[in-house]
Amino acid sequence: MSTSGFNTRLKTDADVDIRATYMELQQLEGIATAVRRDILRMVAAVNSGHPGGSLGCTDFMVALYFDIMRRKQDGDGKPVFDMNGHDEDLFFLSNGHISPVFYSVLARAGYFPISELATFRKLDSRLQGHPATAEHIPGVRIASGSLGQGLSVACGAAYAKKLNGDDKHVYVLMGDGEQQEGQIWEAAQFAPNKKLGNLTAIIDLNHAQIDGTTQNVNDNRDLAAKYRAFGWFVDEMEGNDISDVIRTLRKSQENPDVPTMILMHTEMGFGVEYMVGNYKWHGTAPNADQLQQALNGLPLSIGVTDY
Amino acid sequence: MKKYDYTDKKDTRSGFGAGIAELGRSNPNVIALTADLAGSLKLETFIKEYPERFVQCGIAEANMIGVSAGLTIGGKIPFATTFANFATGRVYDQIRQSVAYSNKNVKICASHAGLTLGEDGATHQILEDLGMMKMLPNMTVINPCDYNQTKAATIAIAEYEGPVYLRFGRPVIPVFTPADQKFEIGKAWHVNEGDAVSIFCTGHLVWEAIKAGEILSEQGIEADIVNIHTIKPLDEEAILASVRKTGCAVSAEEHMLNGGLGDSVAQVLARHFPAPLEYVGVHDTFGESGTPDQLMQKYGLTADKIVEQVKKVMARK
């Protein structure tokens, strides 16, 4: 089954209720399972890449692309990508190492063929190890991977929307380890001071980074208090509960002058029992046996296929 | 030697200020950003006329580069301004990933480049910026020589789609290029016809090269003086045409020899037309406090030094 036709939340005329849910929760969960299978198969195929954070952010990414974002599409429901993204919601992935989930969700939303996921991290692929624009892969608007830069870029894109009189929204996802980067806090000051209410930033709070727990490596301490002090509206959600993600993200669009920071509680490796909560799976691919074991626990919905 | 006169002396950063003010009027997509240096970058007119298109980022250069990259996604043409030191070395990775690799239409406009920043000393006197910027794929690098050329270059880069590094400075120097010039990115300006030696010069050293040309001319040595205002893409044809005629060359720049214009010229000559080359620039050392004139003297960035290097290179022919 192609799932590309489901994003009907793009406001094409004034009569369309953009708050309506057009896809049943069960369908979203079916897509999330397919995405998790994609992630595992992609990283296993090249024995590299970052499955842990990708799996943890899968439910969020599916909810965002298949429910929340108002995206341009043609008459057949196929996404239309142009770099400027005028009059549509935009998403930036700041923690670029979770590229597998980004690519899988883009492909399953119809930005490019899902068969292309098989080229991930291979020579001459459009699916670079970390997201890039040089190969012109539809859906990617900025290179990311060197951490701490995405929030600034999202601020710029949100600022441009305001200058353009464009009422659509900008979303950016960051890691919690990434909060250790200084540039984040430059942008954290900028967004509320510039009244970027059309910006929602999400932190994947899985408490894990390459060298261990964020607490042990360099404790973020009270992120909510920090962002509140910087002038953000701070919210929380359960990142592995699609309903809660949708509910919380919708609320974040309602602050005209105040940017929203959402602390998203996730489990690294969510959906694969042996990976859950183990930071070892931040940047390690499963071997053939581990892959099979993981896939066995993620049965495809009827009509959904692997790439 | 062709005669160059000037009636006025101005700083190149004011040429930038005039250029961006004009762009404000002609191009509604042009946005000016700064990191707490609006006055130093001469943005007053732009800010007064187009306050809604001015973005004060505060002392946060990394964020300014990222915000600029984001603004391009909405079709804007951001001019990110600060001192050359903070516009390059401080934010190299932000420029590398979010601007150059992502190929965003960001114009990084850097004042107070080189030793002529003066009394603030070496913490602020960057001499490596051209090298860092020219190494980045997709990046165009421009170092204009006077007020009028800087103004014209500022206007020209708004028309060009892609990342640009525009470098200018603080000292008040002669205005000797025409006010009505059209700036062509990547096209060298032939300052003087000669056959004895080529002088490839950029930025503040162009006026010094003209003075050197006059001294040499009085001694019967006619120098072929070529202003390489665009460090990248390099006008290789102009360089080769000149050296095929003269058989030797001197490069002159307010920059570290490693990574500077001279390096680029050397590459072209080594690959296509090996010929003796001498350099005028800073030799693997940091600057220090002093007046711009004192510093240019001490570090050998003068007309006299160019003359000296010309004699040296001509003897090697």
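The values are calculated or read from the model by the stated rules, or taken from the named source; none is laboratory data. Keep in mind the model is a prediction, meaning the values are calculated, not measured. Cβ placement follows ideal geometry from the backbone for every residue including glycine, while neighbour counts extend to all protein chains displayed.
Restricting attention to the range A:251-271, the residues that are in contact with a strand residue (DSSP E or B) (Cβ under 7 Å, 6 or more places away or on another chain), modelled with pLDDT of 95 or more and within 18 Å of A:ASP204 (Cβ to Cβ) total 9. Listed by position, the strands (runs of 3 or more DSSP E) inside the range B:5-115 whose residues that are touching a strand residue (DSSP E or B) at 6+ places or on another chain (Cβ under 6 Å) and within 19 Å of B:ASP129 (Cα to Cα) number at least 1 are B:30-34, B:77-83, B:107-111. In the set (1) away from chain B (no Cβ under 14 Å); (2) more than 27 Å from A:GLU88 (Cα to Cα), A:GLY182 fails one condition alone, (1). Are any of the residues in the range A:88-99 of a type in the set (Phe, Trp, Tyr), touching a Lys or Arg at 6+ places or on another chain (Cβ under 9 Å) and either modelled with pLDDT of 95 or more or over 29 Å from A:GLY156 (Cα atoms) (or both)? The answer is yes; a qualifying residue exists. Taking every residue in the range A:171-192 that is of a type outside the set (S, T, N, Q) and pairing it with any residue that is in a strand (DSSP E or B) and modelled with pLDDT under 95, at least 6 positions away or on another chain, the pairs with Cβ-Cβ distances below 7 Å are A:GLY177/A:GLN209.
Scanning the range A:163-173 for residues that are more than 9 Å from every other protein chain (Cβ to nearest Cβ), in contact with a helix residue (DSSP H, G or I) (Cβ under 8 Å, 6 or more places away or on another chain) and over 18 Å from A:VAL258 (Cβ atoms) gives a single hit, A:LEU173. Scanning the range A:88-113 for residues that are among the aromatic types (Phe, Trp, Tyr) and within 14 Å of another protein chain (Cβ to nearest Cβ) turns up A:PHE91, A:PHE92.
Would you check which residues across the range B:235-259 are closer than 24 Å to B:ASN85 by Cβ and out of contact with any Phe, Trp or Tyr (no Cβ under 8 Å at 6 or more places or on another chain) and list them? Selection gives B:GLU253, B:GLU254, B:HIS255, B:MET256, B:ASN258, B:GLY259. Taking the listed residues B:ILE95, B:ILE73, B:ILE77, the one that is closer than 22 Å to B:LYS42 by Cα, crowded, with 20+ Cβ neighbours inside 10 Å, of a type in the set (A, V, I, L, M, F, W, C) and not assigned by TED's automatic domain parsing to the domain that holds B:GLU288 is B:ILE77, with no other qualifying. Selection of the range A:263-304 for residues being within 30 Å of A:THR248 (Cα to Cα) and hydroxyl-bearing (Ser, Thr, Tyr) yields A:THR266, A:TYR274, A:TYR279, A:SER301.
Put simply, of B:LEU23, B:LEU37, B:LEU41 the only residue that is surrounded by 23 or more Cβ atoms within 10 Å (Cβ to Cβ) and closer than 23 Å to A:GLU186 by Cβ is B:LEU41.
For the range B:228-239, a tally of residues being crowded, with 20+ Cβ neighbours inside 10 Å and without any contact (Cβ under 8 Å) to a residue 24 or more places away in the chain returns 0.
Among the listed residues B:PHE200, B:PHE168, identify the single one that is among the aromatic types (Phe, Trp, Tyr) and not assigned by TED's automatic domain parsing to the domain that holds B:LEU41. B:PHE200 is the lone residue from the list that is among the aromatic types (Phe, Trp, Tyr) and not assigned by TED's automatic domain parsing to the domain that holds B:LEU41. On the stretch given as the range A:186-200, residues that are within 13 Å of chain B (Cβ to nearest Cβ) and either farther than 13 Å from B:CYS57 by Cβ or surrounded by 21 or more Cβ atoms within 10 Å (Cβ to Cβ) (or both) total 10.
Number of residues in the range A:132-162 that are without any contact (Cβ under 8 Å) to a residue 24 or more places away in the chain and more than 7 Å from chain B (Cβ to nearest Cβ) equals 2.
Table: residues versus (1) farther than 22 Å from B:SER68 by Cβ; (2) surrounded by fewer than 24 Cβ atoms within 10 Å (Cβ to Cβ).
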| site | (1), (2) |
| --- | --- |
| B:SER102 | no, no |
| B:VAL106 | no, no |
| B:THR140 | no, yes |
| B:PRO144 | no, no |
| B:ILE155 | no, yes |
| B:GLN181 | yes, yes |
| B:GLU193 | yes, yes |
| B:GLY203 | yes, no |
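Among the residues of the range B:43-67, the one identified as among the hydrophobic types (A, V, I, L, M, F, W, C), within 12 Å of chain A (Cβ to nearest Cβ) and within 16 Å of B:PHE16 (Cβ to Cβ) is B:PHE54. Can you find even one residue in the range B:173-185 that is of a type in the set (Asp, Glu) and either within 15 Å of the chain's Cα centre (by Cα) or in a helix (DSSP H, G or I) (or both)? Looking for residues that are of a type in the set (Asp, Glu) and either within 15 Å of the chain's Cα centre (by Cα) or in a helix (DSSP H, G or I) (or both), one finds at least one in the range B:173-185, hence yes. Selection over the range A:247-260 of residues that are surrounded by fewer than 16 Cβ atoms within 10 Å (Cβ to Cβ) and either free of Cβ contacts under 8 Å to residues at least 12 places away in the same chain or assigned to a strand (DSSP E or B) (or both) gives a count of 2. The selection criterion, being surrounded by 22 or more Cβ atoms within 10 Å (Cβ to Cβ), under 23 Å from A:ILE262 (Cβ atoms) and within 14 Å of another protein chain (Cβ to nearest Cβ), holds for A:GLY85. As a summary of the residue check, B:ALA122 satisfies the conditions (1) within 10 Å of chain A (Cβ to nearest Cβ); (2) surrounded by fewer than 24 Cβ atoms within 10 Å (Cβ to Cβ); (3) touching a residue at least 24 places away in the same chain (Cβ under 8 Å) except for the one numbered (1). Only a single item in (1) more than 14 Å from chain B (Cβ to nearest Cβ); (2) more than 18 Å from A:LEU55 (Cβ to Cβ); (3) surrounded by 24 or more Cβ atoms within 10 Å (Cβ to Cβ) is not met by A:ARG221, and it is number (3).
Among the residues of the range B:74-92, is there at least one that is at negative phi, away from every other protein chain (no Cβ under 14 Å) and aromatic (Phe, Trp, Tyr)? Yes, the conditions are met somewhere in the range B:74-92.
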